[in-house]
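The numbers here are math on the coordinates, done by the rules we state, and not lab data. All values derive from a computational prediction rather than experimental measurement. Counting neighbours? That spans all protein chains shown, and the Cβs are built from the backbone with ideal geometry, glycine included.
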Amino acid sequence: MTHIEKLTVKTGGYTDIIDITDKVNGLIRKNNIRDGIVNIHSPGSTGGISTMEFEPGLSKDIRAYLEKLFPYKERYDHHDTWHDDNGSSHLRSFFIKTSLTIPFQDKELILGTWQQIIFVDFDTRPRSRTIVVTMIGD
Amino acid sequence: MTHIEKLTVKTGGYTDIIDITDKVNGLIRKNNIRDGIVNIHSPGSTGGISTMEFEPGLSKDIRAYLEKLFPYKERYDHHDTWHDDNGSSHLRSFFIKTSLTIPFQDKELILGTWQQIIFVDFDTRPRSRTIVVTMIGD
Amino acid sequence: MTHIEKLTVKTGGYTDIIDITDKVNGLIRKNNIRDGIVNIHSPGSTGGISTMEFEPGLSKDIRAYLEKLFPYKERYDHHDTWHDDNGSSHLRSFFIKTSLTIPFQDKELILGTWQQIIFVDFDTRPRSRTIVVTMIGD
């Protein structure tokens with residue numbers, strides 16, 4: 001059985017980190033698949049999906065280390081193509097990737113006690129984002 | 001339902017980036033699964049699969065930032081094992097990973113308008129590569 | 001068909017790299033799915049799953065480059081939250097991610113000849129870890 005659902009989040013951009021764990025668990029609970037895997041995917045090339053212990057200190061660390069690796073204010077060849085300013089956002093998205101697959105059992109994500117699923121918006125402006133949540137299983 | 005298909009790409013190595021979106025969509029269209037997920041996997045330890053806005057400027061940026069992180073000409077302990085020269089290729093593959101899973105609906109990949117699926121060949125020579133495309137769904 | 005299995009590994013922490021390929025293949029062989037995908041997931045926020053050519057030289061390289069990017073002895077904002085010392089572990093896990101999906105065919109993982117599936121324990125102490133192995137297919 002396969003179910004494809006969508007959820008929407010509003011973000012501030014600049015590596016804004018959003019905890020979407022409860023929303024994903026909500027979609028799993030309202031469908032009739034008990035055990036399986038869920039794929040969480042952000043269409044577009046300036047977002048990312050991963051997991052972390054969602055707490056403000058670590059969010060700061062993630063932003064600091066991504067900024068050290070791919071500074072927003074740097075000049076990128078991507079800027080010459082469209083005359084925009086989000087080359088760093090694209091590099092971050094290429095490295096972190098826009099999708100993640102996680103198992104669930106008895107209609108509950110299998111995660112560590114201190115582990116949350118996060119969407120990260122790397123773009124350089126506030127956006128409303130659609131995230132595709134696909135459940136497959138029995 | 002599950003379908004495992006293969007596609008072949010010729011690459012130049014040294015972080016050659018190949019857009020495989022149309023080939024993956026072609027395999028989805030010729031099979032009888034309408035909605036589901038597709039896993040794209042490059043067997044081997046010197047390739048990578050991710051997504052990006054496939055345009056020459058960003059391809060240059062990706063090559064430049066990977067080179068800054070894992071320079072090809074550096075000495076690596078891996079070279080002592082086999083007396084080869086592709087330690088950087090292996091590190092890049094470990095970080096970017098050789099597989100990616102993405103949903104599709106109505107026989108079409110769910111991607112952003114400016115988002116393509118890419119295979120990246122990190123090895124230090126031209127190669128012919130097999131990529132495994134596995135579709136699961138209804 | 002879906003099967004969710006678990007395996008346990010003992011690790012030394014500090015980016016200890018464990019080859020789990022045989023254990024995953026063993027779980028695939030003992031179940032009745034012939035072709036499909038397997039999701040390998042480490043619940044928690046200080047582990048990682050990826051693939052590599054599992055040989056001691058490359059393991060050293062991976063540890064060296066992760067240490068250069070996210071040094072264990074650095075000060076992290078995460079430390080202020082819990083007064084612990086594993087901020088680097090969390091950053092590594094966020095970048096490498098805790099899950100990976102790979103296809104299998106005729107009850108055998110589709111991997112390159114020199115490619116192994118690895119669990120990496122980024123935490124700062126020895127631990128016993130549960131890894132969730134979910135198979136979906138026909």
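Compared with the dominant principal axis of the Cα atoms in chain C, helix C:56-69 is inclined by about 50°. How far is the Cα center of the stretch C:16-67 from the Cα center of the stretch B:86-132, in Å? About 18 Å separates the Cα centre of the stretch C:16-67 from the one of the stretch B:86-132. Considering the stretch C:80-134, its Cα convex hull presents a mean projected area of 5.6 nm².
Is the shape of the protein assembly as shown best called rounded, prolate or oblate, per the rule: a/c under 1.5 gives rounded, else a/b larger than b/c gives prolate, else oblate, with a ≥ b ≥ c the square roots of the Cα gyration tensor eigenvalues? Rounded shape, in that the Cα axes give a/c under 1.5. Once both axes come from the Cα atoms, what is the angle between helix A:21-30 and the longest principal axis of chain A, in degrees from 0 to 90, rounded to 10? Roughly 30 degrees between the two axes. Across peptide B:66-73, the average count of Cβ atoms from other chains found within 10 Å of a residue's Cβ is 1.
The other copies place their C:Lys68 label points at 1.3, 1.3 nm from this one, listed shortest first, where each point is 7 Å from Cα along Cα→Cβ. Across the stretch A:52-110, the convex hull enclosing all Cα atoms gives 114 Å³ per residue. Chain C versus the axis that turns it onto chain B: the residue with the nearest Cβ and the distance in whole Å amount to C:Thr101, 3. Take B:Arg125, move 7 Å from Cα toward the beta carbon, and the resulting point lies 4.8, 4.8 nm from the same point in each other copy, nearest first.
Ranking B:Lys97, A:Lys73 by Cβ neighbours within 10 Å, fewest first, what do you get?
A:Lys73, B:Lys97
Between the helical axis of C:87-96 and the longest alpha-carbon principal axis of chain C there is an angle of about 30 degrees. Per-residue ellipticity at 222 nm for chain C, helices alone: DSSP H runs ≥ 4 residues times -39500 (n - 2.57), over residue total, nearest 500 deg cm²/dmol? Result for chain C, helices only: -8500 deg cm²/dmol.
Projecting 7 Å from Cα along the Cα-to-Cβ direction, the label point of A:Gly26 sits 4.2, 4.2 nm from its equivalents in the other copies, listed shortest first. Taking Lys and Arg as +1 and Asp and Glu as -1, the other residues whose beta-carbon sits under 13 Å from that of C:Pro103 total -2. The three principal axes of the Cα atoms in the stretch C:1-133 give end-to-end lengths of 48, 30, 21 Å, sorted in falling order. Beyond 30 Å in Cα-Cα separation lie the following of the pairs A:Lys60/C:Lys68; C:Lys30/C:Lys60; C:Lys23/C:Lys73: C:Lys30/C:Lys60; C:Lys23/C:Lys73.
Partner aspartates and glutamates whose Cα lies under 13 Å from the Cα of A:Lys10, excluding those fewer than 8 positions away in the same chain, are identified as A:Asp19, A:Asp121, A:Asp123.
Take every Cα pair under 8 Å whose residues are at least 6 apart in sequence, average their separation, divide by the length of the stretch A:2-137, and the relative contact order is 55 percent.
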